[in-house]
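One structure is given here, and the rest of the page talks about it.
The values are calculated or read from the model by the stated rules, or taken from the named source; none is laboratory data. This structure is a prediction, so every number in the text was calculated from the model and none was measured. Glycine also receives a Cβ, built like all others from the backbone with ideal geometry; neighbour counts cover every protein chain displayed. Only protein heavy atoms, including side chains, enter the accessible area calculation; ligands, DNA and RNA are left aside. Shrake-Rupley method; radii C 1.70, N 1.55, O 1.52, S 1.80 Å.
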Amino acid sequence: MCREDAIVAESDYEILDPRFGSLIKTTARVEHLFEGCRWAEGPAWFAAGRYLVWSDIPNDRMMRWDETSGVTSVFRYPAGYTNGHTVDREGRLVSCEHGGRRVTRTEHDGSITVIADNYQGKRLNSPNDVVVKSDGSIWFTDPAYGIDSDYEGHKGENEIGGCYVFRVDPDSGEIEAVITDLVRPNGLAFSPDESLLYVVDTGEQRPKPMYVYDVDNEGGLSNQRLFAKCTAGVFDGFRCDTEGRIWTSAGDGVHCYHPDGTLLGKVLVPEVVANVEWGGAKRNRLFMCGTTSLYSVLLPVNGASRPQ
Ligand code: MG
């Protein structure tokens, strides 16, 4: 279903730095593509099929929006209360599942492979967001939102005793805790050259911080520092463009940060945005999961190529 007035606002942007002016087209409007979710999250673009898959977490389903027809349908139900997704370098869907407390991969034949479901024999909390590095390693965050209550998963115990960021080795499949000192690690993404890893912490601290780490050639992290603090609502999921700018979800839409940490401007969305994804034939269509709805906007910048 799509509102008749697909154009949602008179002014869809807020320019906070002159550099943002070249990153948008003020005539390009925010489009409202679908309404009817309880909480939209985890968009993932399938370039070959020209469709977007995302999660509707409390409804325990995954949705699919087809660019060729504009039609939205249910992709998977029940879906294990999936949250974040990504598409790996082989074009396979990698999913965080609150319900099964695991990360899975949907293979080309449709079968599902479990990537990670425990750490040192203890069940994961509820994997939230995931990225795949160019070496094939799978990095994901594991806060406890999916086990805090039955709203977005199944109420349960935090067996690990913390909320970590994990890396799954592409060869051995071993799971390693790479960040253990955040409260509730949430969205994460590498810079385009993979020299940096950005991670949001949605724990108690306000405003919510996004941290950045240096990444060495072996995938080791060092030099944690604060990158930005959210100025409206909370950061959740985010992606980089080809120039390393961050396009992150926030309470009033999507905030764009220069790699130097400057908030350049905003794409305004009339709902809280939880996550974003680049798509379209040229990866310059930004899809935004906004609580009940799926939105998109066409931009004169391109999303960083896979992996993201
Ligand atoms: Mg998230």
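Does the stretch 55-66 contain at least one residue that is at pLDDT below 95 and more than 24 Å from V301 (Cβ to Cβ)?
Within the stretch 55-66, not a single residue is at pLDDT below 95 and more than 24 Å from V301 (Cβ to Cβ).
Would the stretch 103-118 turn up any residue that is in contact with a Phe, Trp or Tyr (Cβ under 9 Å, 6 or more places away or on another chain), of a type in the set (A, V, I, L, M, F, W, C) and under 17 Å from V183 (Cα atoms)?
The answer is no, given that none of the residues of the stretch 103-118 is in contact with a Phe, Trp or Tyr (Cβ under 9 Å, 6 or more places away or on another chain), of a type in the set (A, V, I, L, M, F, W, C) and under 17 Å from V183 (Cα atoms).
Pull out all pairs, ordered by first then second residue, where Cβ-Cβ is under 6 Å, the residues are six or more apart or on different chains, the first lies in the stretch 41-52 and is at pLDDT 95 or above, and the second is within 16 Å of the ligand (Cβ to nearest atom) and among the β-branched types (V, I, T).
E41/I57; A44/V53; A44/T86
Here are some conditions: (1) surrounded by 20 or more Cβ atoms within 10 Å (Cβ to Cβ); (2) under 28 Å from L196 (Cβ atoms); (3) not β-branched (V, I, T). M62 meets all but one. Which one does it not meet?
(2)
Can you tell me which residue within the stretch 33-53, out of those that are of a type in the set (A, V, I, L, M) and not in a strand (DSSP E or B), is farthest from the ligand (Cβ to nearest atom)? Write out each step before concluding.
If we filter the stretch 33-53 for residues that are of a type in the set (A, V, I, L, M), which is where we start, we get 33, 40, 44, 47-48, 52-53.
Applying the additional criterion that residues be not in a strand (DSSP E or B) yields 47-48.
Details: A47: 23, A48: 26 Å.
My answer is A48.
Note down all Cβ pairs under 6 Å where the first residue falls in the stretch 244-258 and is under 10 Å from V234 (Cα atoms), the second is charged (D, E, K, R) and at pLDDT 95 or above, and they're at least six residues apart or on different chains.
Qualifying pairs under 6 Å: S249/D236.
So if I check each of D109, D148, D142, which one is at pLDDT 95 or above, surrounded by fewer than 24 Cβ atoms within 10 Å (Cβ to Cβ), among the acidic types (D, E) and closer than 17 Å to P185 by Cβ?
On the way: D109 fails: closer than 17 Å to P185 by Cβ; D142 fails: surrounded by fewer than 24 Cβ atoms within 10 Å (Cβ to Cβ).
Every option except D148 fails the conditions.
Looking at the stretch 177-250, what strands (runs of 3 or more DSSP E) fall wholly within it and have at least 1 residues that are within 13 Å of the ligand (Cβ to nearest atom)?
Correct list: 185-190, 196-201, 209-215, 238-240, 246-250.
Please determine, by comparing only the residues of the stretch 65-90 that are part of a strand (DSSP E or B) and polar (S, T, N, Q), which one is surrounded by the most Cβ atoms within 10 Å (Cβ to Cβ).
Per the stated criteria, the residue is N83.
In the stretch 286-304, how many residues are closer than 17 Å to H85 by Cβ and open to solvent by 10 Å² or more (accessible area, probe 1.4 Å)? Break it down stepwise before answering.
Within the stretch 286-304, the subset closer than 17 Å to H85 by Cβ is 286-290, 294, 296, 303-304.
Retained after the next criterion (residues that are open to solvent by 10 Å² or more (accessible area, probe 1.4 Å)): none.
Matching residues across the stretch 286-304 total 0.
What is the number of the single condition among (1) within 16 Å of the ligand (Cβ to nearest atom); (2) open to solvent by 10 Å² or more (accessible area, probe 1.4 Å) that D171 does not meet?
(1)
Scanning the stretch 119-133 for residues that are open to solvent by 60 Å² or more (accessible area, probe 1.4 Å) and out of contact with any Lys or Arg (no Cβ under 6 Å at 6 or more places or on another chain), which turns out farthest from the ligand (Cβ to nearest atom)?
This residue is G121.
Return the only residue of V183, V165 being in contact with a Pro (Cβ under 6 Å, 6 or more places away or on another chain) and at pLDDT 95 or above. Break it down into steps so the answer makes sense when it comes.
Numbers: V183 fails: in contact with a Pro (Cβ under 6 Å, 6 or more places away or on another chain).
It is V165.
Provide a single number: the residues in the stretch 251-277 that are more than 24 Å from R38 (Cα to Cα) and either within 13 Å of the ligand (Cβ to nearest atom) or in a loop (DSSP other than H, G, I, E, B) (or both).
Adding up the residues that qualify gives 5.
Would you point out which residue out of G162, G146 is farther than 25 Å from G49 by Cβ and either assigned to a strand (DSSP E or B) or within 16 Å of the ligand (Cβ to nearest atom) (or both)? First the steps, then the outcome.
Numbers: G162 fails: either assigned to a strand (DSSP E or B) or within 16 Å of the ligand (Cβ to nearest atom) (or both).
Result of the check over G162, G146: G146.
Kindly evaluate T291 against the criterion of being touching a His at 6+ places or on another chain (Cβ under 9 Å), at pLDDT 95 or above and in a strand (DSSP E or B).
Judged against the criteria, T291 is not a match.
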